[in-house]
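Encoded as structure tokens, the structure appears first; notes follow it.
The values are calculated or read from the model by the stated rules, or taken from the named source; none is laboratory data. All of these numbers come straight from a predicted model, not from anything done at the bench. Glycine also receives a Cβ, built like all others from the backbone with ideal geometry; neighbour counts cover every protein chain displayed. With ligands, DNA and RNA removed, areas are computed over all heavy atoms of the protein, side chains included. Shrake-Rupley method; radii C 1.70, N 1.55, O 1.52, S 1.80 Å.
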Amino acid sequence: MLLGRNTKNPIVMVDKKITEWTYSTCGYCSVGCSIEIGKNAEGKIVGSRGVGGADVNRGKLCVKGIFEHELFDSAGRGDKPIIREQIGEAYRETSWDDALDTMADKIRDIQQKHGRDSFAIVSTGQLLTEEFYTLGKLTRGVIGTNNYDGNTTLCMASAVSGYKRSFGSDGPPGSYEDFDHTDVLMAWGSNLPEQHPIIYWRMKEAQEKRHFPLIVVDPRVTMLAQNADIHLAVTPGTDVVLQNAIMHVILDEGLEDRAYIEANTVGLEQLESEVAKFDPDSASKVCGIDPDTIRNVARIYAKADAAMSIWTMGINQSTHGSDGVVGINNINLLTGNIGKPGGTSLSITGQCNAMGTREWSSCSGLPGYRALENPQDREDIAKYWNVDPEFFPKKRGLAETDIFPAIELGEIKGLWLVATNPMTSLPNTARIRKTLEKLDFLVVQDSYADVETVQYAHLYLPAATWAEKEGVFTNTERRVNIVRKATDAPGESKSDLAIFNALAQRFEQSAKMNFPDKPAAVFEEMKSLSKGRLLDISGMSHDLIEEKRGIQWPYTAEEAERGEEPLQGGKRLYTENGTFSFADGMAKLVPLPFIDNNEVPDEKYPYWLNTGRLVEHFHTRTKTGKIGNNNKYSPIPFMEINPDAARELGIQHQDYVRCVSRRGDAIVMAMCTQRVPKDMVFIPFHFFDCVNRLTLGLLDPHSRQPAYKQSAVMIEPIADQQAAAQMSRERRAF
Ligand SMILES: Nc1nc2c(c(=O)[nH]1)N[C@H]1C(S)=C(S)[C@@H](COP(=O)(O)OP(=O)(O)OC[C@H]3O[C@@H](n4cnc5c(=O)[nH]c(N)nc54)[C@H](O)[C@@H]3O)O[C@H]1N2
Ligand SMILES: Nc1nc2c(c(=O)[nH]1)N[C@H]1C(S)=C(S)[C@@H](COP(=O)(O)OP(=O)(O)OC[C@H]3O[C@@H](n4cnc5c(=O)[nH]c(N)nc54)[C@H](O)[C@@H]3O)O[C@H]1N2
Ligand code: SF4
Ligand SMILES: [Mo]
């Protein structure tokens with residue numbers, strides 16, 4: 001058969017004979033792509049496709065979304081609850097009734113002996129919003145522990161904290177549509193083409209039409225940096241110094257927007273006196289960016305009609321994470337770039353529903369961006385749930401990163417992990433292993449039974465995932481989109497919502513409360529609690545959300561009653577002067593002094609260890625590690641190393657090497673690339689028993705988020721390559 005130019009259609013797509021498509025929203029990242037899941041006449045799920053009419057992705061999906069349906073029959077799923085008395089013993093299968101009775105008894109027992117807060121709950125950014133809301137009600141209103149948090153502390157906590165410090169509330173003010181209006185885009189520690197491929201495509205399309213400059217701040221030459229007009233290879237952990245220097249130039253040269261500052265902000269004088277210390281020549285010595293480049297960037301940004309900044313983990317995962325977010329907001333407030341088309345701060349969120357958990361899970365407060373510290377908020381929620389307001393704590397308890405040390409200290413005796421895998425994702429995993437072993441009772445509720453943390457649990461509860469259940473996610477641009485059920489979960493797995501409800505029934509306190517079992521009924525509760533608040537969703541319904549392929553909040557009942565259609569993108573916050581979420585309506589300009597407190601390379605550990613992600617894998621690979629087309633790209637742990645550094649160390653491309661920090665070691669394959677400078681290596685964090693054996697994870701003082709991206713390591717060549725290959729294979733989770 002002739003192939004190539006000589007045949008009209010050389011590639012033949014296999015007809016999968018799909019007879020039914022179910023509408024859903026992708027369950028990996030926070031871009032929030034609308035996806036359809038295809039079933040054939042035998043009822044088997046065989047395909048996924050992007051939804052053409054959806055504003056977010058306009059028919060496209062990335063390499064994860066396109067194979068997402070394969071996870072329904074992937075290996076390692078749990079199908080029955082399993083239980084054991086002691087770690088190390090074999091698990092035995094048990095019934096749901098027995099599993100949940102035991103769990104409720106253990107929680108009561110631990111709380112009676114050691115106090116209410118001695119049982120901790122750590123959840124995720126990957127449940128449906130209705131599930132988050134219900135878990136919050138169960139935790140705050142029934143179980144009553146204050147040591148309740150989510151893995152968003154590893155992820156978006158610095159953004160949340162920074163938004164609150166600058167604007168008075170969480171909630172990203174911008175939209176993807178801002179790319180269509182901006183005159184300059186600055187991306188801080190964000191590798192869009194790999195981690196948010198469809199946002200990248202939206203950005204790139206806008207840029208090709210209007211040719212605005214792209215400035216990338218990242219110590220690594222990422223794919224985004226390769227496409228940048230200006231790449232600022234900042235010294236790790238020093239973005240705040242660069243931000244202060246940019247503000248120094250703006251104020252020094254009178255490039256600020258005085259009218260905007262007066263109408264919208266307080267704190268200019270204090271900010272001015274702090275940034276006065278950061279002239280570009282001095283700042284350059286710390287942040288590593290040439291002084292003239294700093295001046296050039298400040299001028300381009302401040303002189304643009306509309307300027308926009310996005311950021312992700314390069315900013316958030318730092319000992320200056322919250323400050324880095326405030327720094328971005330400071331620059332945008334100084335230049336009048338909040339709430340206007342193309343002028344905004346837009347945190348690019350991580351997980352599919354990291355926004356939903358911030359809005360509704362009650363992890364750091366109460367539902368609907370309410371605070372435990374606010375008596376009126378406590379009163380309102382207590383009344384709505386029918387609990388005594390005195391049952392609520394008056395301030396938030398420990399963050400995830402403080403819960404683990406509290407287990408070490410013996411203050412916390414029981415832990416419930418819902419949809420998170422800390423044995424791979426927390427820093428310094430050797431310490432986490434010992435910590436988990438100290439627990440009297442550990443419950444792991446996960447879709448996969450082979451997840452690493454199950455090895456340290458007493459009880460494992462199998463959960464349905466993604467389109468095996470129904471409910472909503474909120475994406476990066478505040479768009480609420482719906483996941484519809486396409487298939488049943490394997491075996492006896494239950495939806496997280498059903499598990500929360502069944503556990504609630506086992507506590508007396510829940511008798512006078514309402515725990516609806518239908519996601520749409522839970523959504524009605526959230527709607528009514530959202531009325532009149534920043535995140536008003538009262539005009540939405542599950543059906544309307546599907547019909548519109550996602551709706552951005554706020555969308556109020558009044559707007560819906562007046563017949564106003566929800567906007568197709570482009571909804572912004574703080575568009576009017578003096579409408580920020582502080583009592584006086586003004587945003588805060590916050591001075592940011594800088595103290596370098598990171599672990600930095602030295603003679604013994606001469607390389608920066610930078611960590612992050614790859615396009616084909618998601619997090620701890622419980623899903624993508626089992627999907628052939630994703631796993632094939634990078635089936636084993638590897639390390640990016642500069643060829644000059646490799647040569648000096650006597651390391652060849654594709655040699656196995658030992659990477660060592662003050663915490664532990666990891667065996668990885670060396671991949672020589674100019675992406676990293678000579679004094680840095682980069683290891684993706686997707687692999688079990690790998691990079692998080694090395695990371696230090698110092699915490700940001702405001703957000704308690706770990707600095708995953710700044711540790712120091714040494715590299716050792718390995719003489720016995722065969723043994724190393726064997727070891728690397730054995731340490732592979734799958
Ligand atoms: N394919 C894929 N996509 C994902 C995910 C996934 O696992 N796989 N996870 C999702 C989640 S939960 C998240 S949080 C996001 C993360 O999305 P990103 O934050 O874009 O991804 P990372 O690779 O963690 O880190 C981004 C960059 O930060 C840079 N960096 C390191 N140190 C510094 C520094 O000091 N300053 C600056 N400015 N930059 C620095 C790194 O070099 C890296 O290129 O991705 C989401 N999307
Ligand atoms: N070195 C380093 N470490 C990092 C990072 C880094 O950049 N560098 N990034 C950090 C960041 S930003 C994040 S977000 C964390 C992520 O860290 P984790 O939250 O630990 O990672 P996941 O693999 O996403 O874990 C989610 C778990 O939930 C399960 N699951 C999926 N869907 C469902 C469901 O519907 N119900 C239930 N019950 N279970 C479900 C999955 O099988 C999986 O085990 O990692 C952090 N760790
Ligand atoms: S960009 Fe994110 S939401 Fe869209 S298909 Fe890829 S993983 Fe899913
Ligand atoms: Mo994340």
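Quick notes on this structure:
- For residue 47, the residues 5 or more places off, or on other chains, whose built amide H falls under 5 Å of its own are 38.
- Note on region 18-73: with neighbouring protein chains present and a 1.4 Å probe, carbon and sulfur make up 49 percent of its accessible heavy-atom surface.
- Site pair residue 511 and residue 95 shows an inter-label distance of 2.3 nm when each label is modelled 7 Å from Cα along Cα→Cβ.
- The apolar share of the surface of region 173-347, taken as the fraction of accessible area on carbon and sulfur atoms (1.4 Å probe, ligands and nucleic acids excluded), comes to 47 percent.
- Dipole magnitude of region 539-649, debye to nearest 20 (Cβ charges: Lys/Arg +1, Asp/Glu -1, about Cα centre): 540 debye
- For region 173-347, share of DSSP beta bridges that run antiparallel, in % to the nearest 5: 5 percent
- Inter-probe distance in nm under a simple model that places probes 7 Å from Cα toward Cβ, at residue 268 and residue 583: 2.4 nm
- Estimated from the Cβ-Cβ distance and a Förster radius of 60 angstrom, the FRET efficiency linking residue 86 and residue 679 is about 0.80.
- Placing unit charges on the Cβ atoms of the charged side chains and taking the dipole of the chain about its Cα centre, the candidate lying farthest along the positive direction among 656, 135, 462 is 656.
- Which of 81, 153, 307, positive extreme of dipole for the chain (C-beta unit charges): 81
- Taking 0.36 nm per residue of sequence separation and removing the Cα-Cα distance, the residue 253/residue 567 pair yields an extension gain of 109.2 nm.
- On the beta carbon distance between residue 391 and residue 108, with R0 = 22 Å, the FRET formula returns roughly 0.90.
- Beta bridges per DSSP, both residues in the chain: antiparallel share near 50 percent.
- Note that region 97-105 has calculated 3J(HN,Hα) couplings of 4, 5, 4, 6, 4, 4, 4, 4, 4 Hz, one per residue in order, obtained from phi through the Karplus relation 6.51 cos²θ - 1.76 cosθ + 1.60 (θ = phi - 60°); glycine and proline are x.
- Sequence-separation-based contact order of the chain, relative, with Cα cut under 8 Å and 6+ spacing, percent: 19 percent
- In the chain, the calculated helix contribution to ellipticity at 222 nm averages -8500 deg cm²/dmol per residue, counting -39,500 (n - 2.57) for every DSSP H run with n ≥ 4.
- Residue 711 long-range amide H proximity, modeled H, under 5 Å: 609
- Here the accessible area is traced with a 1.4 Å probe on the protein chains. For region 607-732, carbon and sulfur cover 49 percent of it.
- Protection-proxy order for peptides 507-517, 157-167, each taking the mean of Cβ atoms within 10 Å per residue, highest first: 157-167, 507-517
- Dipole size of region 144-274 about its Cα centre, with +1 on Lys/Arg Cβ and -1 on Asp/Glu Cβ: approximately 460 debye, rounded to the nearest 20.
- Label-point separation in nm, residue 524 to residue 722, each point 7 Å along Cα→Cβ: 6.9 nm
- Put simply, the amide H of residue 416, placed in the peptide plane, has neighbours under 5 Å in 120, 121, 122, 443, leaving out anything fewer than 5 places away on its chain.
- Pairs of Cα atoms farther than 32 Å apart, the chain, %: 52 percent
- Under Karplus coefficients 6.51, -1.76 and 1.60, residue-wise ³J(HN,Hα) of region 509-523 in Hz, glycine/proline x: 3, 7, 4, 9, 10, 10, 10, x, 9, 9, x, 5, 6, 5, 4
- The charge dipole of the chain, taken about its Cα centre with unit charges on the Cβ atoms of Lys, Arg (+1), Asp and Glu (-1) only, comes to about 1220 debye.
- Average accessible area per residue (Å²) across the chain - probe 1.4 Å, nucleic acids and ligands excluded: 36 Å²
- Most to least packed among 419-430, 318-329 [average Cβ atoms within 10 Å]: 318-329, 419-430
- Across the options 631, 570, 544, the greatest Cα extent toward the positive end of the charge dipole of region 541-641 (unit charges at beta carbon of Lys, Arg, Asp, Glu) belongs to 631.
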